[in-house]
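Beneath this line is the structure, given in structure tokens, with notes to follow.
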Amino acid sequence: MTVETMPAPKTGRYDSINWITFVAMSAFHVAAVAALFYFSWTAVALTAFFYWVSIGLGIGMGYHRLHTHRSYKVPKLLEYFFAICGTLTLEGGPIFWVATHRIHHQNSDTDDDPHTPHHGGFWAHMGWILFGEGHHNDTALMSRYAPDLGADPFYRWLNTWHWVPLVVFGLAVLALGGWPMVLWLVFFRVTVGLHSTWLVNSATHMWGRRRFQTKDDSKNSWWVAILTFGEGWHNNHHAHPTSARHGLAWYEVDITWLQIKTLKLLGIADRVRVVDVNGRQPGQARRAA
């Protein structure tokens, strides 16, 4: 699929701040710190669980390996469920996320890469969000770069109203657990999840080891992989972007791949694409038997 580049910034990269995003990010960070003053093991356990739901299911299994790269297939309702989990991260709707990531792959580490670290680690990590043009809710524009999702009415609705599931989740937490739980399950979880995901954009393009000589600067990072359930094996991923498996060696723990493999064993997932690292064509992917 040929993917265009996003419209170039109208000004210099740091000349215009996105104030709505800046205020929202600031509020979430302050509230995340406040959560530490209301510590409880119950809050920590529930936060860890919903961190897995949002990052492990929503981003790893959903937005990334399923919606962006179509490395496996599941029933449509489960696909929609993963997308809703993805919105709980506050990383935008599925069309925005998929479009941005596909553009990143086509233009990795060039000026057309939305979050290239060649303009600094801060830009790659979160500067592109704070100072970017802010196309989160421009569903019509982003659908040009993810036409497969743009053709689906549910994804168009979810992309435009991507903040609704998180608000509903927050209100439910407030009703059942009060403000201390909201601070943990919403603000602390989202803030940590954002930085964990952003590390894939920044850290894994600056530090780590390279198994494959790709045209970009992608690297493998074990500690980012731990934080993101396997997304840190980024050089492996850039070498084989359509593979559902990112951790290719026994010591490269890839929880998301294990989850996809489990769904396949249960007969829920099919058309699972994996890299045959021992095959005669190491640069190719094959369908799992």
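The values are calculated or read from the model by the stated rules, or taken from the named source; none is laboratory data. Source: prediction; values computed, not measured. Note that each Cβ is placed from the backbone with ideal geometry, even for glycine, and that neighbours are counted across all protein chains shown.
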Inset, instruction - Look through H67, H105, H101 and report the one residue that is part of a helix (DSSP H, G or I), under 17 Å from the mean Cα position of the chain (by Cα) and surrounded by fewer than 20 Cβ atoms within 10 Å (Cβ to Cβ). - result: H105
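Pick from region 222-245 the residues that are part of a helix (DSSP H, G or I) and polar (S, T, N, Q): which of them is surrounded by the fewest Cβ atoms within 10 Å (Cβ to Cβ)?
Top of the filtered list is N235.
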Inset, instruction - Taking T110 as meeting all but one of (1) among the β-branched types (V, I, T); (2) at pLDDT 95 or above; (3) not in a helix (DSSP H, G or I), write down the number of the exception. - result: (2)
Inset, instruction - Being surrounded by fewer than 16 Cβ atoms within 10 Å (Cβ to Cβ), of a type in the set (G, A, S) and under 27 Å from H246 (Cα atoms) narrows it down to one of G127, G193, G150, G120, so name that one. - result: G120
Inset, instruction - Report the residue count in region 198-221 for those that are of a type in the set (V, I, T) and surrounded by 23 or more Cβ atoms within 10 Å (Cβ to Cβ). - result: 2
Inset, instruction - Could you please let me know if H118 is in a helix (DSSP H, G or I) and farther than 30 Å from L174 by Cα? - result: yes
Legend entry - Unmet criterion (only one of (1) assigned to a helix (DSSP H, G or I); (2) in contact (Cβ under 8 Å) with a residue 24 or more places away in the chain; (3) aromatic (F, W, Y)) for Y14: (1)
Inset, instruction - Could you tell me whether any residue of region 205-221 is part of a helix (DSSP H, G or I) and at pLDDT 95 or above? - result: yes
Inset, instruction - Return a yes/no flag: does region 168-187 have any residue that is under 30 Å from D15 (Cα atoms) and under 16 Å from the mean Cα position of the chain (by Cα). - result: no
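So that you can scan it fast, the table gives a plain yes or no per residue for (1) touching a strand residue (DSSP E or B) at 6+ places or on another chain (Cβ under 7 Å); (2) without any contact (Cβ under 8 Å) to a residue 12 or more places away in the chain; (3) hydroxyl-bearing (S, T, Y); (4) within 21 Å of I17 (Cα to Cα):
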residue: A99; (1), (2), (3), (4): no, no, no, no
residue: Q106; (1), (2), (3), (4): no, no, no, no
residue: D111; (1), (2), (3), (4): no, yes, no, yes
residue: H125; (1), (2), (3), (4): no, no, no, yes
residue: W128; (1), (2), (3), (4): no, no, no, yes
residue: F131; (1), (2), (3), (4): no, no, no, yes
residue: A140; (1), (2), (3), (4): no, yes, no, no
residue: P153; (1), (2), (3), (4): no, yes, no, no
residue: R156; (1), (2), (3), (4): no, no, no, no
Inset, instruction - Scan region 246-270 for residues that are surrounded by fewer than 21 Cβ atoms within 10 Å (Cβ to Cβ) and touching a Phe, Trp or Tyr at 6+ places or on another chain (Cβ under 6 Å) and jot them down. - result: E252, I255
Legend entry - Flag if A43 is among the hydrophobic types (A, V, I, L, M, F, W, C), under 23 Å from H238 (Cα atoms) and in contact with a helix residue (DSSP H, G or I) (Cβ under 6 Å, 6 or more places away or on another chain): no
